[in-house]
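First the structure, in the form of structure tokens, and then the observations on it.
The values are calculated or read from the model by the stated rules, or taken from the named source; none is laboratory data. Because the structure is a prediction, the values reported are computed rather than measured. Cβ sites come from the backbone with ideal geometry, for glycine too, and all protein chains shown count toward neighbours. Surface accessibility is based on the protein's heavy atoms, side chains included, excluding ligands, DNA and RNA. Shrake-Rupley method; radii C 1.70, N 1.55, O 1.52, S 1.80 Å.
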Amino acid sequence: MGRHAPRRARIVFYDVAQEQIEKMTEAERLRLDPVLVAVSKDPEIGVLSKHGAIREHREDGVRILYVPTALGTLVLVAYIETD
């Protein structure tokens with residue numbers, strides 16, 4: 001039997017995060033993509049905040065705040081910024 005690829009969480013953006021993406025330059029979006037892939041592969045990669053289930057992940061000048069669901073099948077991205 002063939003091997004299946006590792007499961008990834010589905011990424012969903014809150015309206016604010018979607019608006020932030022729409023305002024990004026192409027270069028910023030190119031830096032964002034691998035960060036989202038990393039989070040989808042391992043939703044617990046980010047640092048757990050003191051505000052409950054919210055996690056923060058920083059990589060390559062990109063910062064995202066997100067909430068992974070209990071089963072890790074869905075990641076709700078609340079906020080994105082690039083420097």
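Estimated at the nearest 10 Å², the accessible area of L48 is 100 Å² with a 1.4 Å probe.
Near D83, once Lys and Arg are set to +1 and Asp and Glu to -1 for all other residues with Cβ below 14 Å from its Cβ, the sum equals -1. Taking amide hydrogens as placed 1.01 Å from N in the peptide plane, the amide H of I11 sits under 5 Å from those of V75, each at least 5 positions away in sequence or on another chain.
Tell me the net charge near R55. Cut-off is 12 Å between Cβ atoms, R55 excluded, with +1 for each Lys or Arg and -1 for each Asp or Glu. With Lys, Arg at +1 and Asp, Glu at -1, the net is 0. Each peptide among 30-37, 15-22 gets the average number of other Cβ atoms lying within 10 Å of its residues, and from highest to lowest they stand as 30-37, 15-22. Need one word for the chain: rounded, prolate or oblate. Basis is the Cα gyration tensor (sqrt eigenvalues a ≥ b ≥ c); a/c below 1.5 gives rounded, then a/b vs b/c decides. Taking the square roots of the gyration eigenvalues as a ≥ b ≥ c, the chain is oblate. Rounded to the nearest 10 degrees, the inclination of helix 26-41 to the longest alpha-carbon principal axis of the chain is 30 degrees. With all protein chains in place and ligands, DNA and RNA left out, the 1.4 Å accessible area ranks T82, T73 as T73, T82, largest first. Taking every protein chain into account, the accessible area of the chain amounts to 70 square angstrom per residue (probe 1.4 Å).
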